[in-house]
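Each value in this text was obtained by applying a stated rule to the coordinates, not by laboratory testing. Nothing here was measured: the structure is a model prediction, and the numbers come from that model. So basically every Cβ, Gly included, is an ideal-geometry build from the backbone, and we count neighbours across all protein chains shown.
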Amino acid sequence: MAVGTFNPGAGTTGIVVTRKKPGHFVALSEDGRVDAVLAQGGVKLPDALEKRAAINVNNAQQGPIDGSSLAPASGVKNVDPYDITIAMPAGDGEPVVSDADRDAWSKFRFAYNVTLDATPFKITGVLLLLPSQDPMSLTERGTELFLPVFAPTVQVDGAVLKDTPRDAILVNRSHIRKVNASMRR
């Protein structure tokens, strides 16, 4: 039983992802940013991350978290999911949650407004959780390593990242240090 239909695009800020290149993603960590393409075609980013093994990538670029000066990173051939704090589609990448999944989840899950602290990031948005899930338990070990946060805003040292997609990002549960949540009405 859902509280109501959730529309992640309504009243949010961020970029609209045009989605042309399957597998093109951005991985954020406290060390910086990696912009890359999944080497294995036909695999969705969430599926690759949940395998919990190094992800082979092509065309990697590295730079600061804000993406201001990315440079080719020829030495980066794979990315460890445990090192990633936030994974999101690049401006031309595929969404991390399909429209069909989001619609199904919004009908059978409860929506919570959340603020997640995952050093150095502060993520605000909406989590869709099963009735049996407690948002305060997100810092504990769970079956999923990454959680989708809908209508996200990401801040680093008080500055909002401008290239955050409007629809959803993936946040690594093992990096979450603090959760503030309230049920959406």
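Points to keep in mind about this one:
- Loop-located trypsin sites (Lys or Arg not before Pro) across the stretch 82-133 with a Cβ neighbour count of 11 or fewer within 10 Å are lacking, with loop assigned by DSSP.
- Note on THR124 and ASP157: their simple-model spin labels are 2.1 nm apart, each label 7 Å out from Cα toward Cβ.
- Computed from phi, the 3J(HN,Hα) profile of the stretch 171-179 under the Karplus parametrisation 6.51, -1.76, 1.60 (θ = phi - 60°) reads 10, 6, 4, 5, 9, 6, 9, 8, 10 Hz, with x in place of Gly and Pro.
- When each of the peptides 143-152, 65-74, 111-120, 50-59 is scored by how many other beta carbons lie within 10 Å of its residues on average, the order from highest to lowest is 143-152, 111-120, 50-59, 65-74.
- Sorted largest first, the spans of the alpha carbon positions of the chain along the three principal axes are 48, 34, 32 Å.
- In this structure, the pairs whose alpha-carbon distance is over 21 Å, taken from LYS51/LYS122; LYS122/LYS178; LYS44/LYS77; LYS122/LYS162, are LYS51/LYS122.
- Between helix 99-108 and the chain: long-axis angle, C-alpha atoms, 0 to 90°, nearest 10: 30
- Cubic angstrom per residue, convex hull over Cα atoms of the stretch 24-89: 74
- Relative contact order for the stretch 104-169: 29 percent, from Cα pairs under 8 Å spaced at least 6 residues apart, divided by residue count.
- Computed from backbone phi, the HN-Hα couplings of the stretch 25-35 come to 9, 10, 10, 10, 9, 5, 8, x, 10, 10, 10 Hz, rounded to whole numbers (Karplus: 6.51 cos²θ - 1.76 cosθ + 1.60, θ = phi - 60°; Gly and Pro given as x).
- Cα gyration tensor category, rounded, prolate or oblate, for the stretch 99-183 with a/c compared to 1.5: oblate
- Selection from ALA73, SER98, ILE169 lying farthest towards where the dipole of the chain points positive, charges on Cβ: SER98
- Proximal charge balance of GLY142 [Cβ under 12 Å; K/R count +1, D/E count -1]: -2
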